[in-house]
Amino acid sequence: MDDLLADFVAETREMLEASEGEIIAWEADPADRARLDTIFRFVHTVKGNCGFFDFPRLAELSHAAEDALADCRADRRTPDRALVTAVLAIIDRIVAMVDAIEAGEEFPAGGDEELIAALEPGAEAATGDATPVLEPHELDDSGAQQQSKKPEAPAALRTIRLPVDLLDRVMSGVSDMVLARNDLAHRLRQAGTQPTIDGPFERLTTILSDVRDAITRMRMQRIETLFGALPRLARDLSNELGKQVMIDLEGGDVELDREMIEMIRDPLTHIIRNAIDHGIETPSQRLAQGKREIGILSIAARQSGNTISIVVSDDGNGLDEDRIAAKAVATGLITSAQRAKMSRDAILQLIFQPGFSTAEQVSNISGRGVGLDVVRDNLAKVGGSIKVTSTPGVGTMFTLQIPLTLSIIAGLTVDVGDQRFAIPQSYVEEIVHASSKSLDFARVGESALVTFRGNRIPAIRLARVLGLPDDTVPDGEHTKVVLRLASGDIFALGVDNIHSHGDLVVKPLAPAIMRSGTYAGSTLLDDGQPVLLLDVTNIAAQFNLVSDARSRVHLDDENEAQDTVKKAARAMLFTDFNGRRCGVRLELVQRIETAPVSAIDTSGSAPRAVINGVILPLIGLPDGPFPAEKVRLLRLTDGTTQLLHAVREVDDAMELTDTLKRVPDDPMVEAVTLVDGQTVTLLDGHELFARFGEAPEHAEKPLCRLPANDWAQTILAPLVMQAGYEIASGEDGNEDVAIWFDDEFEAAVALDFDFKSPVIRLSDVPEGNDSADTVYRYDRDGLIAALRRARPATLKAGAAR
Amino acid sequence: MMKDLLLIAQIAGRRCAFPAEEVQSAIEISTITPVPGAPDYISGITAMRSQTLTVIDCRRALGFDPDQWALDHRAIVVAVDGYSYALRIDAIEDITGGVAEPETIPGGFGPEWSRVATGLVETRTGPALLIDLAALIADPDALGAAA
C-alpha cells in the first residue's frame, strides 16, 4: 500500500508540475477553454485517485472544484477571476495535503469549508483576494517534526526517476543502431566473407542485442503493479453503492512499457468505476433477473505481438442503446435521421464522444462522463484504441488495445502485388502455401472459408483489405497466413508471397494514416525500404471477423476442439534432392534452417553443418554439387539429439489422413502414404535418430600449434585462424594439429620426438622437396586444404572430449 | 518574428512561406511506398535515415490537381506533433527574410487557401502566403473527428 501511496503522491506532483503553466495562463484568461479542460482533468484525476485511499477531505475538495469547473464546461457558468482564485486556492490546498501525506503527518483540520464555499457563484465578496491560500510555511505551525520530513521520506528508495523522454531517446537510438547494423550486414553479405571483419561484426551484433534487451526491459513492468490496487477499489466502490462485486484478474504477468502502464491507469480505473456504478445491478435487481447476487467483473490482460489487450467485462445490465441514442440526439451529437441509420454497435461507441454521459445523477463514483472521452484520447495518444461491446441484460465488455510502438518485434513480411507489408509474427499461427489442398477453399455467399485443423475459418485476401486492384491469382490459390487474434478468433489472410521474417523496429505512423485503421506502424527493411505493419486486430474487426463479447467461453471450447483434431498425425512434407516426395513427423521438426553451402563440411566421413555455432550431423545431401548457394535444412530433434536433413524444397505441413502403408524392407522408411493423390515417403524417426542423431556440439575451434618464430606468428597465424583454427599457446601438447617447418620436423623425427597430433609440414621452396607431405609455405590454397583435411579428425576428437 | 528566415516554395503555382525554424531539412525524394487506404493527399511513406516520413502532396492537401503543376524532386521535411512529414511542392524557391508581420487581406485568400494560411507576409522577394503547418497536414475530411 505504501508503494501505491508514493505513486499517488508522485503522480499528483507530476500532473501539477505539468499543468502549472496552464493554471497561470488560465488565471490570465479565465475564458480559455483549453486551459479550463486541463485543470478540470487535474482535479478530476485527483478525485479519482482518492478513491483508492481514505482521503475524504481531498475527495471533497477536488469534487467541489470539479463541480464548479464542470458548470463552466457546460456553459452553465462563466468563469471569472473569483472562480479562478477559488479553484487555485483549492489546488494549493491539495498540494499542501499531498505534502503532508508524503511526510506521514496529519493535516491540520478545518478550512476546507471556506475554500469550497468560495467556489459558489455569489461568493465573490466574501472571499476575493482574502481566500486563505495556504502557503507551505503555514504548515510549519503544525509541528516541529515538519523540519525533518524531507530527509526521511525518500531514504528507502534506491531508484532514480528518469524522464521517459530520455529513455525514448536511448531506445530509438538503439533502434537506429539495429537498423544501421542490418544495413551493414546487408553490405557485408554483398561483399562476401571477410573473416577479419565478420568476427568483430558478430561481436557487435551480440552486444547490440544485449543492449537492446536491457533497454527494453528497463521500460517494462508487470501489469500486476496496476492490478494490485483494483480489488480494493472494487470493494470500496461496491460497499459504498450497496452492490456485491467479485473481481477476477487475469494476466498480471503481462509485461508492459512503464509509460503505458501509467497511461492506462486512469482509463482502467475509470472503466471499472463505470462498470460497478452503472453496469452491475444491485443484489435484489440481479436476483429478480435470475442472476447470481454477486456481480463478476473480470479484467484480463493479454499480450499478442506488439499489442496488449486489456478486456474489462462485467455481467451487469449492459448498455442501453436507446438511452444512449436519445442522449446523443439531445446533446446534438447526432441527428435523429443519422440515428435511424446507425447500428447498435455504432450507437454504443458514442459513449466515447466528448461530453457524453448517460448517468442521470451525478455521483461521486463515476463522475459525469468526462472519463470516456478522456480515456479514448489518452489511449489514442499512445496509438491505442478502446471499443465497447454489450449485450442487453448480459453484460458489457470494454476492450483496450495498446500497441507497443517504438519497440522491436518479430515480424513476417508478405507481398501483395508489387508491395510489401509486415505482420507481427505473434499473430501468425501457420503459413499454408498455395499448393496445399489441405485448406479446402469454399465460397459461401460472399464470404470465403477455408478449413484449418478441422474448423472452417473465414478467409480474406489482403488485396481486398487494402482496396488494391484484384490480382490475377484465382481465389483460393493464395498463400494463406493463418492469424490468431488475442480474442482467440482465427482467420486466414491471403497474400501473393511470403517474403521473409525477422526483427522489425516499429515506428509510429502519422495520425492521418493511423486513422485508416489498417496499420499499426511502419518499419524499415534491411535495405532501408519502409514497410507498413498491418494492424491485424483492427483489420479483423473491420471485416467482422471477430466474435463478440463472451468470446472467452467460446475460446475454451475451440481449444478443446483443436486438441482432438491435433491427434491426427501431421507431417512436414518436402522434396529431397533425388526429387522424391518425403515427409517427417511434424513433432520432430524443430525448425527450418537456411544455410550457405559454405557452412556444410563434406570432407569427413559423415557430412556436417554448422548452424548458429552448433555442429550437427547432416543427411540427405545431393550426390553432385549443390544446385544453389544456399541449402534448406530441416532441423530435427528427438528432444536430446539433433540432426539436419537437407531438402530441395520445403512443401508444407500436412495432416496424414490416408492410411499409412508399412514398408518392411527399408528401415529408414516408416511408411508410404498418399497426400493429394501423390505418394509420400514418411521417414522413420526412430531409425533416423538411431543412426545419425547426435547431441548438438558447439563449434569449438580446433587448436593449431605454430612454429615459434615471427613469420609464423605474424604471417601464418591469420591464415590459420581464417581456416577456423585457434592458435595453441603454452607448452602442453593439447593441440589438434601442428604446423612444422620441414627441416625442423625432420630434425625432430631424428630426435624421436613424440608427435601428439597430426602435422602439416611447410617447405621453404615451391616445389623443391620431392616428399608429397609438405606444403610450400606460401601456397595458400594448399595450406588451407591441408588444414581442412586435418579438421574432421579433430572434430571427432572434440566430440570425444 | 517575421524578421526570421522563411523558406519560400511554390505550391499549386503560388508562393508560400514556411518559417525556416520549422523546417528540418530538404531531402531528395527517393522511393515512396504507397499507403493503400490512406487519404489521397498522402502520397505514401519514405525513409530518411532510420526515420519514416509521411509524404504529403501539398497541392492535393489543398484540393488542387497536382498534375497541373511541376513537381520538385526535393521535399521539405517538417515535424508536427512529433511526427515527421515530407512535403511535396512544385518547387523550392529560396530562403529569405520576412520584412513585415503577417497580415490578412480583405476578401481572404480563397477557399482552398484560407484553411492553411496564417496570413500574407512580405518578403524581400515579394509577397507570399505564410503556411500553418498543422493545418496543412490535418486531414481536411477528418476535421473535428479527432480533435
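Rg to Rh for the stretch A:570-698: what is it, with Cα atoms only and Rh by Kirkwood?
0.95
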Exercise for the section: Taking amide H positions as placed in the peptide plane 1.01 Å from N, state which residues far from B:Val23 in sequence (5 or more) or on other chains have amide H under 5 Å from it. Expected result: none
Handout entry: CD proxy at 222 nm, helix term only [per DSSP H run n ≥ 4: -39500 (n - 2.57); per residue of chain B; nearest 500]
Key = -1500 deg cm²/dmol
Problem - Formal net charge of residues neighbouring A:Ala750 (Cβ-Cβ distance under 12 Å; K, R +1; D, E -1) - result: -4
Handout entry: Net +/- balance of residues flanking A:Phe574 in space, Cβ distance below 11 Å, scoring K and R +1, D and E -1
Key = 0
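I need to check one value: relative contact order of the stretch A:642-692, counting alpha carbon pairs closer than 8 Å and at least 6 residues apart, in percent. Don't skip to the answer; put the middle values down first.
On the way: 53 pairs, mean separation 14.3, N = 51.
In percent, rounded to a whole number, it is 28.
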Practice task
Sort out for me the Cα centre separation of the stretch A:666-726 from the stretch A:174-219, rounded to whole Å.
Solution key: 26
Problem - Rounded FRET efficiency, nearest 0.05, which uses the C-beta distance separating A:Ser500 from A:Glu744 and R0 of 45 Å - result: 0.30
Practice task
Write down the radius of gyration of the stretch A:172-298 and its Dmax, each obtained from C-alpha positions, in Å.
Solution key: 25.3, 80
Exercise for the section: Calculate, axis by axis, the spread of Cα positions in the stretch A:164-218 along the three principal axes, and write the results as whole Å, longest axis first. Expected result: 41, 16, 11
Fill in the blank from the handout: Most exposed to least, judged by fewest other Cβ atoms within 10 Å, A:Ser62, A:Ser336 sort to A:Ser336, A:Ser62
Practice task
Pull up all non-local amide H partners of B:Ser84: gap of 5 or more, or a different chain, and H-to-H distance under 5 Å with H placed in the peptide plane.
Solution key: B:Thr54
Handout entry: B:Gln68-A:Lys661 pseudo-label distance in nm [points 7 Å out on the Cα-to-Cβ vector]
Key = 7.5
Exercise for the section: Starting from the Cα-Cα distance between A:Gln244 and A:Ser343, subtract it from 0.36 nm times their residue separation and give me the gain in nm to one decimal. Expected result: 32.4 nm
Exercise for the section: Any chance you could run the full-extension gain for A:Val394 through A:Leu188? It's 0.36 nm times the residue separation minus the Cα-Cα distance, nm to one decimal. Expected result: 68.1 nm
Problem - Loop trypsin sites (Lys or Arg not before Pro), the stretch A:58-105, which have at most 10 other Cβ atoms in a 10 Å radius of their Cβ (DSSP) - result: A:Arg76
Practice task
Take the cross-link list A:Lys630/A:Lys756; A:Lys291/A:Lys341; A:Lys480/A:Lys630 and give me the ones stretching past 28 Å between alpha-carbons.
Solution key: A:Lys630/A:Lys756; A:Lys291/A:Lys341
Exercise for the section: Taking the Cβ of each residue in A:Thr12, A:Thr205, A:Thr396 as the centre, tally the other Cβ atoms inside 10 Å and list the residues starting with the fewest. Expected result: A:Thr205, A:Thr12, A:Thr396
Handout entry: Note, ³J(HN,Hα) from phi for the stretch A:321-332, Karplus 6.51, -1.76, 1.60, rounded to Hz, x at Gly and Pro
Key = 4, 5, 5, 4, 5, 4, 5, 5, 5, 4, 8, x
Problem - the stretch B:1-58, relative contact order in percent, only Cα pairs under 8 angstrom and at least six apart counted - result: 21
Handout entry: For the stretch B:59-106, fraction of C-alpha pairs farther apart than 13 Å, in %
Key = 71
Problem - Potential extension, A:Ala326-A:Gln722 segment - 0.36 nm per residue separation minus Cα distance - result: 134.7 nm
Completion exercise
Sorted by chain and number, the residues with a modelled amide H under 5 Å from that of B:Gly97, at a separation of 5 or more or across chains, are B:Leu6, B:Arg124
Handout entry: Centroid-to-centroid separation of the stretch A:65-97 and the stretch B:80-139 [C-alpha atoms, Å]
Key = 39
Handout entry: Computed over chain B, Cα set: Rg, Dmax in Å
Key = 14.7, 45
Practice task
Please report A:Tyr778, A:Tyr519 as a ranked list, fewest other C-beta atoms within 10 angstrom at the top and most at the bottom.
Solution key: A:Tyr778, A:Tyr519
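Values quoted throughout were computed directly from the atomic coordinates according to the rules given, and no laboratory measurement underlies them. None of these values were measured; they are calculated from a predicted model. As a convention, Cβ positions derive from the backbone with ideal geometry for all residues, glycine included, and neighbour counts pool all protein chains shown.
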